[in-house]
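The values are calculated or read from the model by the stated rules, or taken from the named source; none is laboratory data. These numbers were taken from a predicted model, which means no experiment stands behind them. Every residue, glycine among them, receives a Cβ derived from its backbone with ideal geometry; neighbour counts consider all protein chains shown.
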Amino acid sequence: MSAREAILGRVKAACGRSDEQHITAASTPVADVLSQLPQDVQQRITQPVCLTQPAEPQSLTDTLIEKMEAVQMSVVRLQTRDDVIDAVNWYLQEHGIEGGLSVSPSLDALHWPSDVHVGPATGHEATSVTTAMSAVAETGSVALDSGPESPSTLNFLPENHIVVLHESQIVASLDDVWTQVRNLASLPRAVNLVTGPSRTGDIEQTIELGAHGPRRMHILLVAADHE
Amino acid sequence: MEIKSVHFKDAAADALKDQDLRQAMEFAKHGFIGKRTAAVADLPEWDRIREDARIMKNHVLENLDHYLLAYEAAVINNGGQVHWAQTSTDAASIVVDLCQQAQAKTVAKGKTMVGEEADINGALEAVGITPIETDLGEYILQLGKEPPSHIIAPAIHKTKEQVTELFHEHHQQYGLTEKLIDRAALVSEARTVLRDKFIAADVGITGANFLIAETGQHILVTNEGNGDLSSVLPKTQIVIVGIEKVIPNLNDAAALLRMLARSATGQDFSNYTSLMSGPKRADDTDGPESFHVVLVDNKRTDMLAGELREMLRCFKCGACMNHCPVYGAVGGHAYGWVYPGPMGSVVTPVMVGLENAPDLPHACTLNGRCADVCPMSIPLPSLLRKHRQATFERQLISPGSRYGISAWASLAKRPRLYRLISKTANKVLYGLGRGRGRFAKMPLAGGWTQSRDLPAPQSASTFMSMYEQSRKSDEQTIQQSKGKR
């Protein structure tokens, strides 16, 4: 008997079920596995419902900004996407940041200087600029889905992470992000909910920023609609 | 990891004398409790979310095989592979095999408690593969060759000065010779050293907070981002996780995520909450080329079958230990294995055998704070009592304690005799204690009076004798009033 059968067999026995249902083979397609599960289990997997959610805030934008600033993200508001490059330059200058820029391919259409690297992070650039799938007012997070247009190394390797976000992309709760994930054409390898610069409390339980991921996070919140 | 739980009493006694530990635990006590209380108070829906989560997880445990099958099928559909490990030893050898297949020289590891159960580091080192802990706390411990002492803050017992010494000793080989005393500088130096190791690592190993049957994703929660770097940079990604971590769908995960960080660190939400699935997709320009999940039983099915099933609702936030006076006094190492505090005292005896950890269920004052703060409503004191009963039945506690408990039990079953004896003892103690008010020493209770005095009875009568008396006088009054009529 394989370890798989042994474990599943013990679980069945522990749940007081005799072996009236056999254990489907590991290679069985998802739909066939699901069709053999009890009705309530099937339903909970294929027709998920929200459990208790926190009350929706009056203003998604205000709540988002408040939550983001509480976890050391800075936010500036822009009129249009055309202002992005100026805003990036201004931010880099203000903080005296040097050392190159990685930009996600989703922002390739903007007129970046020729020395800007477009693509996944190489580990050499100090700053990345990316787009986001959405932002969550409930938690103050940006939701970043991975893909050829938005490599996820950009979210973790550089010291500074700048995110271009459109106001229309703000959703109220985590459950709204899940709906977006389900509606994507295909499941991305990763969806990173990022809520502020990387931090650690591992030395005497005192928070320090920039443990492994970015030390700074800056949000460019664009008023005009996406695209 | 070596099991030292059988030495709990000696280790606890040593811990109480350790000044560095005292200093470190003071920091922890003040931070965690206050922040959690504030974060929970800020979420008016807390009680309802907590109840939703309890019901959801109970449903999962009743259908665990079904949800595991659905999760497995979804992982395979996403291009991943699923491995099953019955024991911690099996888990370690599966991980070693996968690393050898990947021809790994170094492995970047995110913090995983199941990995600690299986001593993945020891198993990798034994075959010449170098594991690198990337969580700052775990990294500090790896340098100091120590096990973690807390499930979310593994180096909670270390002072800043001790970290300074460790980094000074181990980072000189990289040309970093300055002795750093500033906390930010220490964090920065660790970042520099670990960054190169991340980029060079052939395999990334992490745990997972939740497994989603609906999508085949696992959710990984960190503050540092080390888990994400370990998942995205190396060519091979391995997730090692207990079978109880599966939940039906993403909305169910939201309920748990709303409680996890608040319970653990008092944050509203952790920095990085990542939903990951499978290797990089066809068009992706980064991400691992192969993806493996190792599902570990290691006695979890025993818990599922027995009286401790509720323990499997645990999502390892650490709130129980943060609020435990015993943990706060002795720290995590005294518990002698991977899991300390109240949840550890329930889990460890199952995983390593009650005979190897007979004192843990007794390292509890039954004050109930752990159960009050547990986001998954696990009745920890009741579960510890079940272990206590077993230590008695299996004769795992000292003969003295056993005879004492037996004697008390047989007395408690004979109320008249019990009252007679307590009345007599009370009278004697009252007589002896008059004038003094307290006893500094008692025969047969030297251990108890070593650190406190026994108060002398304040009256020659016991509660029961006073109750009898007042009942009699009440009856007399009633009789008299009837007589008058």
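Condition check: part of a helix (DSSP H, G or I), in contact with an Asp or Glu (Cβ under 9 Å, 6 or more places away or on another chain) and hydroxyl-bearing (Ser, Thr, Tyr). Does A:SER102 satisfy that?
Details: part of a helix (DSSP H, G or I): no; in contact with an Asp or Glu (Cβ under 9 Å, 6 or more places away or on another chain): yes; hydroxyl-bearing (Ser, Thr, Tyr): yes.
No, not satisfied.
Which of the residues spanning the range B:349-383 are on the phi > 0 side of the Ramachandran plot and in contact (Cβ under 8 Å) with a residue 40 or more places away in the chain? Break it down into steps so the answer makes sense when it comes.
Going residue by residue through the range B:349-383, those that are on the phi > 0 side of the Ramachandran plot are B:353, B:366, B:368, B:377.
Correct list: B:SER377 only.
From the residues in the range A:30-57 that are within 7 Å of another protein chain (Cβ to nearest Cβ) and exposed (fewer than 14 other Cβ atoms within 10 Å of the Cβ), which one is farthest from B:ALA85 (Cα to Cα)?
We begin by selecting, within the range A:30-57, every residue within 7 Å of another protein chain (Cβ to nearest Cβ); these are A:30, A:33-34, A:37-38, A:41, A:44-45, A:48-52, A:54.
Among the residues that remain, those that are also exposed (fewer than 14 other Cβ atoms within 10 Å of the Cβ) are: A:38, A:49.
Working: A:PRO38: 26, A:VAL49: 32 Å.
Of everything passing the filter in the range A:30-57, A:VAL49 is farthest from B:ALA85 (Cα to Cα).
Being part of a helix (DSSP H, G or I), facing chain A (nearest Cβ under 9 Å) and at pLDDT below 95 is true for just one of B:ALA24, B:ALA13. Which residue is that?
Values: B:ALA13 fails: facing chain A (nearest Cβ under 9 Å).
Matching residue, one of B:ALA24, B:ALA13: B:ALA24.
Taking the range B:450-485, which residues are modelled with pLDDT of 80 or more, part of a helix (DSSP H, G or I) and either assigned by TED's automatic domain parsing to the domain that holds B:ALA13 or farther than 23 Å from B:TYR418 by Cβ (or both)?
Passing the criteria: B:SER473, B:ASP474, B:GLU475, B:GLN476, B:THR477, B:ILE478, B:GLN479, B:GLN480, B:SER481.
Of the conditions (1) closer than 30 Å to A:GLN47 by Cα; (2) of a type in the set (Phe, Trp, Tyr); (3) at pLDDT below 95, B:PHE32 clears all except one; give me its number.
In the conditions (1) closer than 30 Å to A:GLN47 by Cα; (2) of a type in the set (Phe, Trp, Tyr); (3) at pLDDT below 95, B:PHE32 misses (1) alone.
Do you know which of the residues in the range A:79-93 that are under 22 Å from the mean Cα position of the chain (by Cα) and under 30 Å from B:ASN223 (Cβ atoms) is surrounded by the most Cβ atoms within 10 Å (Cβ to Cβ)? Lay out the reasoning, then the answer.
Here is the first cut: in the range A:79-93, the ones under 22 Å from the mean Cα position of the chain (by Cα) are A:81, A:84, A:88.
From what is left, the residues that are under 30 Å from B:ASN223 (Cβ atoms) are A:84, A:88.
Details: A:VAL84: 20, A:VAL88: 22.
Here the residue is A:VAL88.
Among the residues of the range B:352-372, write down those that are under 13 Å from the mean Cα position of the chain (by Cα) and closer than 30 Å to B:ALA254 by Cβ.
Matches in the range B:352-372: B:CYS370, B:ALA371.
With the structure loaded, tell me whether B:LEU312 is under 14 Å from the mean Cα position of the chain (by Cα) and under 29 Å from A:ALA26 (Cβ atoms) or whether it fails that test.
On the way: under 14 Å from the mean Cα position of the chain (by Cα): yes; under 29 Å from A:ALA26 (Cβ atoms): yes.
Judged against the criteria, B:LEU312 is a match.
Quick test for you: out of B:ILE156, B:ILE199, pick the one residue that is in contact (Cβ under 8 Å) with a residue 40 or more places away in the chain and assigned by TED's automatic domain parsing to the domain that holds B:ILE76. Show your work before the answer.
Details: B:ILE199 fails: in contact (Cβ under 8 Å) with a residue 40 or more places away in the chain.
Answer to the selection: B:ILE156.
Given the criteria surrounded by fewer than 18 Cβ atoms within 10 Å (Cβ to Cβ), closer than 19 Å to A:SER168 by Cβ, free of Cβ contacts under 8 Å to residues at least 12 places away in the same chain and among the charged types (D, E, K, R), does A:ASP62 qualify? Give the derivation first.
Values: surrounded by fewer than 18 Cβ atoms within 10 Å (Cβ to Cβ): yes; closer than 19 Å to A:SER168 by Cβ: yes; free of Cβ contacts under 8 Å to residues at least 12 places away in the same chain: yes; among the charged types (D, E, K, R): yes.
Yes.
Those residues that are out of contact with any Ser or Thr (no Cβ under 9 Å at 6 or more places or on another chain) and touching a residue at least 24 places away in the same chain (Cβ under 8 Å), I need them from the range B:162-189; list them, please.
B:GLN162, B:LEU166, B:PHE167, B:GLU169, B:HIS170
Taking the residues in the range B:253-280 that are at the interface with chain A (Cβ under 7 Å from one of its Cβ atoms) and part of a helix (DSSP H, G or I) as candidates, determine which candidate is nearest to the chain's Cα centre (by Cα).
Once the filter is applied, the top-ranked residue is B:LEU257.
Out of A:LEU220, A:LEU154, report the one residue that is over 30 Å from B:HIS30 (Cβ atoms) and facing another protein chain (nearest Cβ under 9 Å). Break it down into steps so the answer makes sense when it comes.
Values: A:LEU220 fails: facing another protein chain (nearest Cβ under 9 Å).
After applying the criteria, what remains is A:LEU154.
Which one of these does B:HIS171 not meet: (1) away from chain A (no Cβ under 12 Å); (2) touching a Gly at 6+ places or on another chain (Cβ under 8 Å); (3) not hydrophobic (A, V, I, L, M, F, W, C)?
Status for B:HIS171: all satisfied but (2).
Tell me, please, whether a residue that is within 29 Å of B:ARG22 (Cα to Cα) and either in the same structural domain as B:LEU354 (by TED's automatic domain parsing) or touching a helix residue (DSSP H, G or I) at 6+ places or on another chain (Cβ under 6 Å) (or both) can be found in the range B:296-306.
So in the range B:296-306, the residues within 29 Å of B:ARG22 (Cα to Cα) come out as none.
Within the range B:296-306 (the criterion being within 29 Å of B:ARG22 (Cα to Cα) and either in the same structural domain as B:LEU354 (by TED's automatic domain parsing) or touching a helix residue (DSSP H, G or I) at 6+ places or on another chain (Cβ under 6 Å) (or both)), the answer is no, since none of the residues qualifies.
Has the range A:81-98 got at least one residue that is outside any helix (DSSP H, G or I), in contact (Cβ under 8 Å) with a residue 40 or more places away in the chain and within 26 Å of A:ASP115 (Cα to Cα)?
Filtering the range A:81-98 for residues outside any helix (DSSP H, G or I) gives A:95-98.
Cutting the leftovers down to in contact (Cβ under 8 Å) with a residue 40 or more places away in the chain gives us A:95, A:97.
Keeping just the survivors that are within 26 Å of A:ASP115 (Cα to Cα) gives A:95, A:97.
Taking every residue of the range A:81-98 in turn, at least one turns out to be outside any helix (DSSP H, G or I), in contact (Cβ under 8 Å) with a residue 40 or more places away in the chain and within 26 Å of A:ASP115 (Cα to Cα).
Across the range A:176-188, which residue is nearest to the other protein chains (Cβ to nearest Cβ) among those that are within 28 Å of A:ASN160 (Cβ to Cβ) and in a loop (DSSP other than H, G, I, E, B)?
A:PRO188
State the number of residues belonging to the range A:189-216 that are within 14 Å of the chain's Cα centre (by Cα) and more than 7 Å from chain B (Cβ to nearest Cβ).
Selection size over the range A:189-216: 1.
Looking only at the range B:441-477, which residues are exposed (fewer than 10 other Cβ atoms within 10 Å of the Cβ) and not small (Gly, Ala, Ser)?
Result: B:PRO443, B:LEU444, B:GLN450, B:ARG452, B:GLN458.
Output the residues belonging to the range B:240-253 that are buried (at least 24 other Cβ atoms within 10 Å of the Cβ) and in contact with a Cys (Cβ under 9 Å, 6 or more places away or on another chain).
B:GLU244
Can you report the number of residues in the range A:22-48 which are over 18 Å from B:ASN78 (Cβ atoms) and among the polar types (S, T, N, Q)?
Within the range A:22-48, residues that are over 18 Å from B:ASN78 (Cβ atoms) and among the polar types (S, T, N, Q) number 6.
For B:GLY266, only one of the following conditions fails: (1) surrounded by fewer than 21 Cβ atoms within 10 Å (Cβ to Cβ); (2) in the same structural domain as B:ALA15 (by TED's automatic domain parsing). What is its number?
The number of the failed condition is (2).
Do you know which residues across the range B:355-376 are buried (at least 17 other Cβ atoms within 10 Å of the Cβ) and under 19 Å from B:MET303 (Cα atoms)?
B:ASN356, B:ALA357, B:PRO358, B:LEU360, B:PRO361, B:ALA371, B:CYS374, B:MET376
Would you tally the residues in the range A:186-212 being at pLDDT 95 or above and of a type in the set (Gly, Ala, Ser)?
4
Select, from B:LYS9, B:LYS4, B:LYS35, B:LYS17, the only residue that is in contact (Cβ under 8 Å) with a residue 12 or more places away in the chain and under 22 Å from B:GLN162 (Cβ atoms).
On the way: B:LYS9 fails: under 22 Å from B:GLN162 (Cβ atoms); B:LYS35 fails: under 22 Å from B:GLN162 (Cβ atoms); B:LYS17 fails: in contact (Cβ under 8 Å) with a residue 12 or more places away in the chain.
Answer to the selection: B:LYS4.
Checking A:GLN205 against (1) of a type outside the set (Asp, Glu); (2) surrounded by 17 or more Cβ atoms within 10 Å (Cβ to Cβ); (3) at negative phi, which test does it fail?
It is condition (3) that A:GLN205 fails.
Going by the conditions given, is A:THR139 buried (at least 18 other Cβ atoms within 10 Å of the Cβ) and not in a loop (DSSP other than H, G, I, E, B)? Before the answer, list the steps.
Numbers: buried (at least 18 other Cβ atoms within 10 Å of the Cβ): yes; not in a loop (DSSP other than H, G, I, E, B): no.
Answer is no for this residue.
Please verify whether the range A:155-177 includes one or more residues that are in the same structural domain as A:PRO214 (by TED's automatic domain parsing), in contact with a helix residue (DSSP H, G or I) (Cβ under 9 Å, 6 or more places away or on another chain), crowded, with 24+ Cβ neighbours inside 10 Å and of a type in the set (Ser, Thr, Tyr).
Within the range A:155-177, not a single residue is in the same structural domain as A:PRO214 (by TED's automatic domain parsing), in contact with a helix residue (DSSP H, G or I) (Cβ under 9 Å, 6 or more places away or on another chain), crowded, with 24+ Cβ neighbours inside 10 Å and of a type in the set (Ser, Thr, Tyr).
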